[in-house]
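What follows is a set of notes on a single structure, which appears directly below.
The values are calculated or read from the model by the stated rules, or taken from the named source; none is laboratory data. Predicted, not measured: the structure shown is a model, and the values here were computed from it. Cβ atoms come from the backbone with ideal geometry, glycine included; neighbour counts cover every protein chain shown.
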Amino acid sequence: METEPYYPVISANIGITLNPVSFDVLIAFVVVLFLLISSALVSGSEVAYFSLSPAELNKLRRSKIKIDQSVIRLLGIPDRLLATILVANNFINIGIVIISAFITSKLFNFSGSSAFGFIIQVVIITSLLLFFGEILPKVYASRYAVKFSKLMARPLDISEKIFRPVNSFLIYSTSIVNRKFMQKRKNISIAELSDALELTQHDLSEDRRILKGIVKFGNIYVKEIMKSRVDVVSIDITSKLKNLMSIINDSGYSRIPVYENTFDNIKGILYIKDLLPYIHKSGFFKWQSLIRPPYYVPESKKINDLLKEFQVNKIHMAIVIDEYGGSSGIVTLEDILEEIVGEITDEYDDEESIYTKISENQYIVEGKILLNDFYKILNVNENIFNDVKGDADTLAGLILELRGEIPKKDEKISYKNFIFKVISVDKRRIIKIHVTVNMKNK
């Protein structure tokens, strides 16, 4: 019986000729399927190995099973492991693309429609490769990391040995690139760290606040956190013991600066613990012999450097001096630590707060409050007053910069979304301020 000759099917609509399926096309289909499965396994192993939790790793380390130890060995050479995965995956994907192109060229004749041929050979094949060779296996591997890691331990171990020469070249060339071009990125800026912290979860607000304090710690000057001389409890060196004891009892401080005639002439620091053995002495006891030498620091010193000096010299208090050599105030170890952990209070601290919150957007604030503390209380950006604050370090100083003179009582000063109303003032300084904040622009 005479067989009828085969005529290819021709699509009149799209102009593509469909050829018969030959044996070599079937073999190619099987090879592509095998390579697609291999690609899925290799791609998934990248996620599986590098997403193992510390608890899972510890369990694998304690295990005596050989396959578990293979997983640990591969993780011990992360650069080589990653290079092996990437090289193997690329070879497999290239093979899939080449063989898929062979299959489509055997099955179809795209001479009548080159655009459709491009869609099949590039878009469809790439989409299938991404979905079945990348996305699905990585999603699965992220959920079953241990199981997937054990499954791929032996194949990756063998692949690592096969691709070792290529891996060595890649690792070496990558290290050269890192040394040449990535040195400038060795240090992360404070701004970048601050931005990263802003992206952290809100349920970690306490930890985030401490981390933000650490980030900004090296950029804060002594002048910004010191206690002004007008607020420092100090004593004249000529004072009697009875007067000294009264000041100690009223203040509750463990260290008190001692001056002669004026606070600009500090003679030393009296440690109350040094005085304890002599509290029953008569009023003629020379307590001045107990004072320790003062430690001076300039207003421009950064507090991270001062913290190191405190540690080295084993001291807790320093006298802050201005550019003319006069005493501006004092700074203590507690002041420095509070920039990281927040306000530290003890049983001797004054119960009266330096501010009172009236409502969600209204506060009564002491004029002497440091701007650093003011920013924290209102949770506003610390750069908000940079254009107008000048050399001011306190809220009262900021208002003086805005107003140009000491304002009168009940006078209001507005800036951006802030309204400052002076509650109490004397001839020399602003004492209390009512602050209103527009919450929409806060």
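Points to keep in mind about this one:
- Considering residues of region 283-315 that are among the hydroxyl-bearing types (Ser, Thr, Tyr) and touching a residue at least 24 places away in the same chain (Cβ under 8 Å) only, the residue nearest to residue 240 (Cα to Cα): 295
- Residues satisfying the stated conditions in region 307-344, i.e. in a helix (DSSP H, G or I), more than 22 Å from residue 392 (Cβ to Cβ) and under 28 Å from the mean Cα position of the chain (by Cα): 307, 308, 309, 310, 311, 333, 334, 337, 340, 341
- Note on region 268-303: among residues that are under 18 Å from residue 228 (Cα atoms) and among the charged types (D, E, K, R), the one that is surrounded by the most Cβ atoms within 10 Å (Cβ to Cβ) is 299.
- Restricting attention to region 379-401, the residues that are among the small types (Gly, Ala, Ser), buried (at least 21 other Cβ atoms within 10 Å of the Cβ) and touching a helix residue (DSSP H, G or I) at 6+ places or on another chain (Cβ under 6 Å) total 0.
- Scan region 384-416 for residues that are in contact with a strand residue (DSSP E or B) (Cβ under 8 Å, 6 or more places away or on another chain) and either of a type outside the set (Val, Ile, Thr) or assigned to a helix (DSSP H, G or I) (or both) and the total you get is 15.
- Condition check for residue 199: more than 20 Å from residue 372 (Cβ to Cβ) and modelled with pLDDT of 85 or more: no
- Some residue of region 307-318 being loosely packed, with under 15 Cβ neighbours inside 10 Å, hydrophobic (A, V, I, L, M, F, W, C) and at pLDDT 85 or above: yes
- Residue in region 68-112 that is surrounded by the most Cβ atoms within 10 Å (Cβ to Cβ), counting only those that are β-branched (Val, Ile, Thr), in a helix (DSSP H, G or I) and in contact (Cβ under 8 Å) with a residue 60 or more places away in the chain: 84
- Filter result for residue 376 (surrounded by 13 or more Cβ atoms within 10 Å (Cβ to Cβ), in a loop (DSSP other than H, G, I, E, B), among the basic types (Lys, Arg) and modelled with pLDDT under 85): no
- Residue in region 417-440 that is within 30 Å of the chain's Cα centre (by Cα), without any contact (Cβ under 8 Å) to a residue 40 or more places away in the chain and either assigned to a loop (DSSP other than H, G, I, E, B) or crowded, with 19+ Cβ neighbours inside 10 Å (or both) present: yes
- Boolean, residue 259 is closer than 30 Å to residue 395 by Cβ and among the hydroxyl-bearing types (Ser, Thr, Tyr): yes
- Inter-residue pairs, beta-carbon under 7 Å, first under 16 Å from residue 414 (Cα atoms) and in region 375-400, second of a type in the set (Ser, Thr, Tyr), 6+ apart: 388/415
- Selection status of residue 22, hydroxyl-bearing (Ser, Thr, Tyr) and either within 33 Å of the chain's Cα centre (by Cα) or modelled with pLDDT of 85 or more (or both): no
- Looking at region 223-298, the strands (runs of 3 or more DSSP E) lying wholly inside it that each contain 2 or more residues that are among the hydrophobic types (A, V, I, L, M, F, W, C) and under 19 Å from residue 333 (Cα atoms) sit at 255-260, 262-271.
- Scope region 402-414; condition farther than 10 Å from residue 433 by Cβ and buried (at least 16 other Cβ atoms within 10 Å of the Cβ); matching residues: 402, 406
- For the residues 125, 135, 158, 176, the requirement of being in contact (Cβ under 8 Å) with a residue 24 or more places away in the chain and either under 28 Å from residue 56 (Cα atoms) or of a type in the set (A, V, I, L, M, F, W, C) (or both) singles out 125.
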